[in-house]
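Asks: Below you'll find the structure I mean.
The values are calculated or read from the model by the stated rules, or taken from the named source; none is laboratory data. From a predicted model like this one, the values you see are computed outputs, not experimental measurements. Virtual Cβ from ideal backbone geometry, glycine too; neighbours counted across all protein chains shown.
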Amino acid sequence: MSLHLPPAIEDAIQTSGLSPSRRNFLKASGALVVSLGVADGAFAADAAVAGPYPDPDFRQLDTWIVIHPDNSATFFVGKTDGGQGTGTAFRQMMCDELDIAYDKTSLIMGRTDTTPDQGGSGGSDAVERDGWPMRRVAAEARRVLLELAGKHFGVPAAQLDARDATITVRSDPAKSVTYAELVGGKRFNVTLTGKNVDTTTGLAEVKPVDKLRVVGQSPQRYDIPAKVDGSLTWAVDMKLPGMVHARNVRPPVAGAVLKSIDESSVAGIPGFVRVVRSGNYVAVICEREEQAIRAARQLKINWQPPATAPFPASDQLFDYMRRATPTSHAEPEIVGDPAAALAGAKLVVEAEYEVPFQGHTAIGPAHALADPSNGQMTIYSNDMKSYGLRNGVAQFLNMPREQVRVAYMDGPQVYGRTAADDAGFEAAFLAHELKRPVRLQWMRNEETAWDTKGPAYVFKLRGGLDAQGKVVALDYDACAVDYNHVGYNEPDTVLIAQLMGRRPKTPAKGAAETPSVQYAIPNLRMTARVVGLPLTWETPLRTGNLRDPNGPQVTFAFESFIDELAAAAKADPVQFRLDLLADSQEDDAFRRARSIAAVQAAAKAYGWEPRPSPARRNTGQNLTGRGIAYTTRNRTIAAVIAEVEVNRQTGRVWAKRLVCAHDCGLVINPEGLRRTVECGMLHALSRALWEEVKFDNEKVTSVDWVSHPSLRHSDTPETIDVVLVNGDPVPDRSDLAPYGAGETSHKPLIAAIANAIHDATGVRLHRPPFRKERVLAALRAANV
Amino acid sequence: MSIVKLHVNGTDREVDTDPSTPLLYVLRNDLGLRGPRFGCGLGQCGACTVIVDGAAIRSCTTQVSQVRGQITTLEGLSKDGKLDPLQQAWIDEQVPQCGYCQNGQIMTAKALLGRNPNPTDAQIRTAMEGALCRCMTYYRVQAAIKRVARRETVK
Ligand code: FES
Ligand code: FES
């Protein structure tokens, strides 16, 4: 039966790697009621793909792996790839376990009706956690194939070898059979075990590290060619017959209440379809995209501003935070007797740090296409948690889960809880209302103002040194604006739910974080509290996870302060950290050894000459300095060194060179990893030099790339060195595991830049972004 | 609505649209092209870049009726199924992360090399300044441009 697909959809299938044989197989098999999200919509004259869409059964091997009659294979995994190459890494891991060449495989990700629910992406744990069930099921497929071949040849499976999707009899290599000859186009019919998807397993064991051939190589990312020749169908490109375009209209003042809408203000616009309103949520629908944009700008709405200001202006934010009554406290963490140790210290150092709100601010504003055909709901989205979007939308629209599915497609970067969640719900709501496919995209000012933000922080640190310059005590206090932190795809906290007044009784508590201290500090006190802004709901200053949600802020303060202590002790900042690590009691054989190896590797790669900071200043226009910062993120370690030039006349900071020593255990794809580490550092460089959400006491005022600047080509370092370290105490152990890599290099970089600026100028900056006006003012104040 | 004539990727096209429509939406929604993408609609990010008679322009702020000349989009860079050297360099250098901005990066670089086949590092930075990337692939973008520039200098 032919599917009668529109060309764009057919293309999407091609670029997603789903071969016709897979489609035919799926249809023929019947039992696997699987239909690729993009393959049908309203058009398939095929009842099996018109819904409903039950969950793929993760306990069936056939859900994960299909062998095609041409002896290639397709893998189905419940993850998404925001551009860090995790999809390529999954394929590599599965190829090794299955014993098939990389270029004979393809991978489908994140389609809720097709791929097992592994939750999508988040927390940098794609390879670290979710790679394991993939490896185990691929190993199981290989075991089953060997068994089938054993029957075929009448020899025990132990006397067979598998390689390149072919099984040979060891004693008689002329005898061979391909995977396709055994199961091509057929089902495995093997049931797996495991109480949840993470523990899915068959009977087979995964291979030891020294037997891995594809892992450790750098096959090129399979998604890149279609991204550079224009042939990829992105979520933003999806079109369906009968589709209309929507644009949102947001309250002009946070917390404003909609009084009335004058529909006649847009009724004359060609292509106008409808205004949809529910509570304070408003969208305009038109036949064409530019018409919807125009209508959204032109629509007259009478908004009643709130009686009191929703928030302080951004230049008052930190004062407000220091005075605000906390909404919650973390239990203080106390080691030893920090008060007494500080009182007895030879030298006490004290500093406060501030970090503003910073946003995700995707290059492509949030978008989704929702199709309500056949009484079902299909959403085409780049949301990194497609499964969560499906569940959330089903609850929001009060539809059975089985009637909702999400097809994950490529889109702009998604480092956490982005507005892709919100746009998915909005498109689905509008499609449900209109009973037509609705494509929605946010506008630039909407994305920059209303996307979720990483929480703003103020920190106060005090540290004591003894006469030898050793750290005897440290007191850390953090305060974050994080009350009502929104989760992923929650049907009562997504923006449309808030604006419609469908909210939970109690907002989420949020969190202010303490650093995971690896250093030996005998007396330690760490406290953290959360505060809220006056307006809790319907605010553009809503916090949500942004790339290691609190790590960059906390590490900026903590690793800047360690540098201040090193400077006070007149110690070399690298040696000062190594000494603190050497005495560490924590994770004796694991994190400590790897941390020391990473710090040493970074110093070596940089060519670090030991000396205290700041450097002796030259008299020229550009002052040069270097700074180090180190951190761990789960089990991954990163030590980064930045070399900066600070222009004394203009205050401009240029990070001329960056070095990162990175240990994430077993490396799946070294070249892919290098790029992820590089881009993670540069993303933090953007946060260090440019990014800040600004607002007056009514609305966000940083709304585009002029008012909300971001890193540019001219800011790019001249050199970036990424050193992949394996500091494991037993580096060649056969069970070396891979750890996450999406966030660790991002986390310490703001501190490294601040430390380098201090080294260059002797001036300590306590608040990013280090834009030239702020730097120049600090240099002038210090007579530099 | 009126009929607007365009020359896109070597083909004459006609569309029936409001002449004030930004070129971006005509390319994407009427002509089915996927290279140029919406990023800001304000001429600030480069995601929508196309080349008109050799110059990189922002299709989001260009009215369709104002365009005279040959429009080339990302899809039109390859000739006879062979990728443009820049596209190949982008693959060799493994430039993109998410890739959403890469149309702007590639098309801006193409126009640069068209007028200056051997740019200095400083000229690359200046010419590329308006092409934003939120995944921060700048280092690799510059490396890929240099790959092509070097090759063209050698020959
Ligand atoms: S979309 Fe045209 S410059 Fe940003
Ligand atoms: S590659 Fe993602 S925005 Fe540039």
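Asks: Please work out which one of (1) within 14 Å of chain B (Cβ to nearest Cβ); (2) touching a Lys or Arg at 6+ places or on another chain (Cβ under 7 Å); (3) small (Gly, Ala, Ser); (4) touching a residue at least 40 places away in the same chain (Cβ under 8 Å) is the condition residue A:162 fails and give its number.
Replies: (1)
Asks: Of the residues A:763, A:677, A:775, which is of a type in the set (Val, Ile, Thr) and either surrounded by fewer than 18 Cβ atoms within 10 Å (Cβ to Cβ) or within 27 Å of the chain's Cα centre (by Cα) (or both)?
Replies: Matching residue, one of A:763, A:677, A:775: A:677.
Asks: Tell me which of these residue A:231 doesn't satisfy, since it passes every other one: (1) outside any helix (DSSP H, G or I); (2) touching a residue at least 24 places away in the same chain (Cβ under 8 Å); (3) more than 12 Å from chain B (Cβ to nearest Cβ).
Replies: Among (1) outside any helix (DSSP H, G or I); (2) touching a residue at least 24 places away in the same chain (Cβ under 8 Å); (3) more than 12 Å from chain B (Cβ to nearest Cβ), the lone unmet condition for residue A:231 is (3).
Asks: Continuing with the same structure: Looking only at the stretch B:13-34, count how many residues are surrounded by fewer than 18 Cβ atoms within 10 Å (Cβ to Cβ) and polar (S, T, N, Q).
Replies: So the answer is 1.
Asks: Only one of (1) surrounded by 15 or more Cβ atoms within 10 Å (Cβ to Cβ); (2) away from ligand 1 (no atom under 16 Å from the Cβ); (3) more than 12 Å from chain A (Cβ to nearest Cβ) fails for residue B:90. Which number is that?
Replies: So residue B:90 meets the others, but not (3).
Asks: Now for a different question. Go through A:236, A:284, A:273 for me and flag whichever is within 29 Å of the chain's Cα centre (by Cα) and not hydroxyl-bearing (Ser, Thr, Tyr).
Replies: A:236
Asks: Hey, another quick one. Pick from A:481, A:414, A:486, A:458: which is away from ligand 1 (no atom under 16 Å from the Cβ) and at pLDDT below 95?
Replies: Numbers: A:481 fails: at pLDDT below 95; A:486 fails: at pLDDT below 95; A:458 fails: at pLDDT below 95.
Going through A:481, A:414, A:486, A:458 in turn, the sole match is A:414.
Asks: Can you find a residue in the stretch B:93-102 that is touching a strand residue (DSSP E or B) at 6+ places or on another chain (Cβ under 8 Å) and either more than 7 Å from chain A (Cβ to nearest Cβ) or over 22 Å from residue A:288 (Cβ atoms) (or both)?
Replies: no
Asks: Of all the residues that make up the stretch A:495-530, how many are modelled with pLDDT of 95 or more, under 25 Å from the mean Cα position of the chain (by Cα) and of a type in the set (A, V, I, L, M, F, W, C)?
Replies: So the answer is 8.
Asks: Another question, if that's okay. Within the stretch A:451-461, is there a residue that is away from chain B (no Cβ under 12 Å), among the β-branched types (Val, Ile, Thr) and in a loop (DSSP other than H, G, I, E, B)?
Replies: yes
Asks: Continuing with the same structure: When you check residue A:730 against the structure, is it surrounded by 22 or more Cβ atoms within 10 Å (Cβ to Cβ) and over 29 Å from residue A:561 (Cβ atoms), yes or no?
Replies: Numbers: surrounded by 22 or more Cβ atoms within 10 Å (Cβ to Cβ): no; over 29 Å from residue A:561 (Cβ atoms): yes.
Against the criterion (surrounded by 22 or more Cβ atoms within 10 Å (Cβ to Cβ) and over 29 Å from residue A:561 (Cβ atoms)), residue A:730 does not qualify.
Asks: Does any residue of the stretch A:364-376 turn out to be of a type in the set (Ser, Thr, Tyr) and within 30 Å of residue A:702 (Cβ to Cβ)?
Replies: Within the stretch A:364-376, the subset of a type in the set (Ser, Thr, Tyr) is A:373.
If we keep only those that are within 30 Å of residue A:702 (Cβ to Cβ) as well, we get none.
No, because not a single residue in the stretch A:364-376 is of a type in the set (Ser, Thr, Tyr) and within 30 Å of residue A:702 (Cβ to Cβ).
Asks: Quick one: in the stretch B:120-151, which of the residues that are in contact with a Leu (Cβ under 6 Å, 6 or more places away or on another chain) and more than 16 Å from ligand 1 (Cβ to nearest atom) is nearest to the other protein chains (Cβ to nearest Cβ)?
Replies: Taking the stretch B:120-151 first, the residues in contact with a Leu (Cβ under 6 Å, 6 or more places away or on another chain) are B:127, B:136, B:148.
From what's left, more than 16 Å from ligand 1 (Cβ to nearest atom): B:136, B:148.
Working: B:136: 3, B:148: 13 Å.
Selected residue: B:136.
Asks: Show me the strands (runs of 3 or more DSSP E) found entirely inside the stretch A:619-664 where at least 2 residues are crowded, with 24+ Cβ neighbours inside 10 Å and among the charged types (D, E, K, R).
Replies: A:622-633
Asks: Counting only residues that are assigned to a helix (DSSP H, G or I) and surrounded by fewer than 24 Cβ atoms within 10 Å (Cβ to Cβ), which one in the stretch B:35-67 is nearest to ligand 2 (Cβ to nearest atom)?
Replies: Result: B:61.
Asks: Right, something else. I'd like the residue in the stretch A:394-416 that is small (Gly, Ala, Ser) and out of contact with any Leu (no Cβ under 8 Å at 6 or more places or on another chain) and, out of all such residues, is nearest to residue A:548 (Cα to Cα).
Replies: Per the criteria, the residue is A:411.
Asks: Which residues, taken from the stretch B:34-49, are more than 7 Å from every other protein chain (Cβ to nearest Cβ) and more than 6 Å from ligand 1 (Cβ to nearest atom)?
Replies: Within the stretch B:34-49, B:36, B:49 qualify.
Asks: As an exercise: evaluate residue A:760 against (1) within 23 Å of residue A:218 (Cβ to Cβ); (2) in contact (Cβ under 8 Å) with a residue 40 or more places away in the chain and give the number of the one condition it does not meet.
Replies: (1)
Asks: Pick from the stretch B:97-155 the residues that are within 13 Å of ligand 2 (Cβ to nearest atom), farther than 22 Å from residue B:78 by Cα and free of Cβ contacts under 8 Å to residues at least 40 places away in the same chain: which of them is surrounded by the fewest Cβ atoms within 10 Å (Cβ to Cβ)?
Replies: Restricting to residues being within 13 Å of ligand 2 (Cβ to nearest atom), farther than 22 Å from residue B:78 by Cα and free of Cβ contacts under 8 Å to residues at least 40 places away in the same chain, the top hit is B:139.
Asks: Taking residue A:598, is it under 30 Å from residue A:255 (Cβ atoms), in contact (Cβ under 8 Å) with a residue 60 or more places away in the chain, among the aliphatic types (A, V, I, L, M) and crowded, with 23+ Cβ neighbours inside 10 Å?
Replies: So residue A:598 does not fit the description; no.
Asks: Also, I was wondering about something else. Limited to the stretch A:243-271, what total is found for residues that are within 14 Å of chain B (Cβ to nearest Cβ), in a loop (DSSP other than H, G, I, E, B) and touching a residue at least 40 places away in the same chain (Cβ under 8 Å)?
Replies: 1
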